[in-house]
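Presented below is the structure to which this report refers.
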Amino acid sequence: MLHNAGITAKRDLMSDDEPSISEEDEMTVNFIAPVELTSHLLGVLSQRGPDGAFVCFVTSGLALTPKRASPIYLVSKAALRSYTKLLRALLKATRPSVKVMEALPPAVATEMTAGLDKGDNMMSPEASAKSIVQGIDAGKLDNYIEKTYWFRWIDCPGNWRIHDNRQALND
Ligand SMILES: NC(=O)c1ccc[n+]([C@@H]2O[C@H](COP(=O)([O-])OP(=O)(O)OC[C@H]3O[C@@H](n4cnc5c(N)ncnc54)[C@H](OP(=O)(O)O)[C@@H]3O)[C@@H](O)[C@H]2O)c1
C-alpha cells in the first residue's frame, strides 16, 4: 500500500488571508487519511502470505526542515513521519510480515509545485516515482531521495538555530 496523495497551500500564519485550502483539509488529506486507511487495511495486509506486505508513506524533505510558506503542509508531513516510525516499531513486534516504509522526495516538478521558481532544481516526476518504487523493491525503510539525504542533519534540535538564518525559511 503506497500513500501518495497530498495537497498543499501557501499560507502566511501572520496574516488573516484565507488560502484556497483549509488547514483542516490539508491535515486530513496529508495525515488523517493515510493513518485511517492504514488502520482499516492492516488486517488484510498482515494476511498477505509468505511474501508479506508493505505500507509506504510519501512524506517530504519538508518533514525535516522549516519552510515559512508551507507551515501546515510541513507539520502534516512531520506528523506522518512520526506516525511512520511509531507504526514501524509496533508492527515489528506484532505483525513483522508488514514492512513500514517512508519515501522523502525533494522538490519535484508536478502540479503541486507549478509556479514555483526553482529553475532546474526540481526532480522530474518520473525520476521521483522511480526512486520511490526502487526503494520499496529494495526494502529500504527510510528512502531519502536525492538531497533530502542531507536534510537529516538539519533534523536535529541543535541545528535549528543555524537553519533559522537560512533563506529557505523565508521562501
Ligand atoms: N511535488 C513535490 O515537490 C513534492 C515533494 C515532496 C513530496 N511530495 C509528495 O508527493 C506526493 C505526490 O505529490 P505530487 O507532487 O505528485 O502532487 P500533485 O501533482 O498535486 O498530485 C497530488 C495527488 O494527490 C491526489 N489527491 C489529492 N487530494 C486527494 C484526495 N482528497 N483524495 C484522493 N487523492 C487525492 C491527487 O489525485 P487527483 O489527481 O485524482 O486529484 C494526485 O494524484 C504528495 O504526498 C506530496 O506531498 C511532493
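If you look at the Cα atoms of the chain, you get an Rg and a Dmax of 16.6, 54 Å.
Provide the FRET efficiency to the nearest 0.05 for the T110-D25 pair, computing r from the beta carbons and using R0 = 22 Å. Efficiency, rounded to the nearest 0.05: 0.75.
In a GNM of the chain with a 10 Å cut-off on Cα contacts, which of G43, G139, G61 has the highest mean-square fluctuation? The residue with the greatest mean-square fluctuation here is G43. Approximating the spin labels as points 7 Å out from Cα along Cα→Cβ, the E126-to-L37 distance works out to 2.5 nm.
Once you've got the Cα coordinates, tell me which of K67/K140; K67/K147; K77/K147 are over 20 Å apart. The partial results should precede the final answer.
Working: K67/K140 27 Å; K67/K147 16 Å; K77/K147 17 Å.
Pairs exceeding 20 Å: K67/K140.
Extension gain for Q134 to Q47 (0.36 nm times residue separation, less C-alpha to C-alpha distance): 28.9 nm.
Read-outs throughout are calculated quantities, based only on the coordinates presented, and are distinct from any laboratory measurement. Just so you know, these numbers come straight off a predicted model, no measurement behind them. Cβ coordinates were reconstructed from backbone atoms using ideal geometry, including for glycine residues, and neighbour counts include every protein chain displayed.
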